[in-house]
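Notes follow the structure.
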């Protein structure tokens, strides 16, 4: 079986109390996707940048996962000419 390699790079930046993460998927053979995640500091919370980074990154990865599921459903529908029902 041929091994395939996909990699995800997460870039995080902050601006005016908001943290933004972008998860970039690079797949062998193309099919690049990008997920975006945002987090903001609640004014009553202590400023712990790591927490904002983690939350923004998690949301970016979740967005990326949803995009991959949608792309898979579309590929199935184009291939089978039937509605895809992805569970799990």
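The values are calculated or read from the model by the stated rules, or taken from the named source; none is laboratory data. All values derive from a computational prediction rather than experimental measurement. Here the Cβ is made from the backbone with ideal geometry for all residues, glycine too, and neighbour counts use every protein chain on show.
Numbers below:
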quantity	calculated
Residue pairs meeting the criteria (Cβ under 9 Å; at least 6 apart or on separate chains; first closer than 12 Å to residue 61 by Cα, in the range 11-28; second modelled with pLDDT of 95 or more and assigned to a loop (DSSP other than H, G, I, E, B))	none
Whichever residue in the range 18-33 is exposed (fewer than 15 other Cβ atoms within 10 Å of the Cβ) and in contact with a helix residue (DSSP H, G or I) (Cβ under 9 Å, 6 or more places away or on another chain) and, among such residues, is nearest to residue 69 (Cα to Cα)	31
Some residue of the range 69-80 being over 14 Å from the mean Cα position of the chain (by Cα), part of a strand (DSSP E or B), surrounded by fewer than 14 Cβ atoms within 10 Å (Cβ to Cβ) and at pLDDT 90 or above	no
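Conditions tested, residue by residue: (1) closer than 30 Å to residue 83 by Cβ; (2) modelled with pLDDT under 95.
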| residue | (1), (2) |
| --- | --- |
| 20 | no, no |
| 38 | no, no |
| 41 | no, yes |
| 44 | no, yes |
| 60 | yes, no |
| 63 | yes, no |
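Listed here are the residues, each with its yes/no results for (1) out of contact with any strand residue (DSSP E or B) (no Cβ under 6 Å at 6 or more places or on another chain); (2) without any contact (Cβ under 8 Å) to a residue 40 or more places away in the chain.
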| position | (1), (2) |
| --- | --- |
| 39 | no, yes |
| 53 | no, no |
| 57 | no, no |
| 63 | no, no |
| 66 | yes, yes |
| 69 | yes, yes |
| 72 | yes, yes |
| 76 | yes, yes |
